[in-house]
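Throughout, read-outs are computed from the coordinates displayed, never taken from laboratory work. If you're wondering where the values come from, they're calculated on a predicted model, not measured in any experiment. Every residue, glycine as well, gets a Cβ built from its backbone with ideal geometry; the counts of neighbours run over all protein chains shown.
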Amino acid sequence: MTPVKALGYIGCSISDSKAWEKLMFEVFALQKRNDSPKKTLQYRIDDNHHRLSLYKSSQDKLDYIGWEVETQDELDDFAADLKDKGVKITHADSKLKAERAVMDLYIIEGPDGVQNEIFFGPVQDYVPFNQADGRSGFNTEDLGMGHVVLASANRESTLDWYQNILGLTLSDHIYWDGIEATFMHCNPRHHSLAIMNTVGPMKNGDLGHFMLEANSADDVGRAYDVVEEKKYPVAFTYGKHTNDLTTSFYLYTPSNWLIEYGYGGTLIDDEIWEPKLYNSPKIWGHNHQLPPEANEDAAARK
């Protein structure tokens, strides 16, 4: 088994911080840290210091993915093993460890230039996490932050790296409408990472979406009410997935990638799990909606 126990955090550059702040508060009721570094928005979704960092920038892109390891010894052994395999790995300095709010940290350049980080000891905040509107919180603990989906034109080699270098385990595949996606896990959560082929304007290493899993189906339903009331742009309507059975919806973000918010994902038992190939990502719902700019372009052409 891999030393990686969970997806710990992600960091992204964003060009419209005010729109992001509004989205994070109104739809997801995330708790923004008031002590975040300059030009950075750090968000809590549980008792960890933070799990999402958004950096004010002139561009929109994924900056890094953080993977948690259980102990300091496992982290050091994992780093040494990666070096033996010829993987370029850098030990973070104290400033970066403090920013990530972890005890120790190594940086690895993964496929398509995606910065992967392996870390130990996330800081636990002494102030309990509470969502602003009284929702029941997020399903994290040993399962981690949620999941991320990345695009790669070199899907097979990218999958090979995450499985054989980082140690993630195959969950299953979905191939539909010219899209090929493969899902991987590092704990019972059905997937913490998925790799898909590049579609449309997507480039190697682009973030397709990240997902947050609620502790209650009611939380997701109430968020969907907010989305409809405040007219946030929906990418995929409320629906249920084939492979992990999550009930969720997807929103377009101010940075063009998506956020999925859902509940009830499948937990994997590796002793009995059998990966499958599905020909659709949905059982019901999840109807695709065009982004706002596409609708504006269509209206302008009339």
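Data table
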{"quantity": "DSSP-defined beta bridges in the chain - what % are antiparallel, rounded to 5", "calculated": "70"}
{"quantity": "Local electrostatic count, GLU180, Cβ distance below 14 Å [Lys/Arg +1, Asp/Glu -1]", "calculated": "-2"}
{"quantity": "Net length gained if the chain between VAL199 and ILE283 were fully extended (0.36 nm per residue, minus Cα distance)", "calculated": "28.0 nm"}
{"quantity": "Nearest-0.05 FRET efficiency for VAL226 and VAL87, computed from C-beta distance (R0 51 Å)", "calculated": "0.75"}
{"quantity": "Rg over Rh, two decimals, the chain (C-alpha only, Kirkwood Rh)", "calculated": "0.94"}
{"quantity": "Theoretical FRET efficiency, 1/(1+(r/R0)^6), r = Cβ-Cβ of ALA80 and GLU109, R0 22 Å, to 0.05", "calculated": "0.80"}
{"quantity": "Sum of side-chain charges, PRO281 neighbourhood, beta-carbon under 12 Å (Lys, Arg +1; Asp, Glu -1)", "calculated": "-3"}
{"quantity": "Average Cα contact separation per residue, the range 1-111, under 8 Å, 6 or more apart, as relative contact order %", "calculated": "31"}
{"quantity": "log₁₀ of I(q)/I(0) at q = 0.13, 0.17, 0.27 Å⁻¹ - the range 166-221, Debye sum with one point per alpha carbon", "calculated": "-0.44, -0.70, -1.11"}
{"quantity": "Packing-based order for 214-227, 236-249, using average beta carbon neighbours within 10 Å, highest first", "calculated": "236-249, 214-227"}
{"quantity": "Contact order relative to length of the range 4-284, as percent, for alpha carbon pairs under 8 angstrom and 6 or more apart", "calculated": "18"}
{"quantity": "Sparse-neighbourhood loop sites, GluC sites (Glu not before Pro) in the range 61-110 - DSSP loop, at most 16 other Cβ within 10 angstrom", "calculated": "GLU70"}
{"quantity": "Hypothetical label at ASP125: residues of the range 86-108 whose amide nitrogen lies under 18 Å (7 Å Cα-Cβ projection)", "calculated": "98-103"}
{"quantity": "Distance (nanometres) between label positions extended 7 Å along Cα→Cβ at ASP160 and LYS18", "calculated": "4.9"}
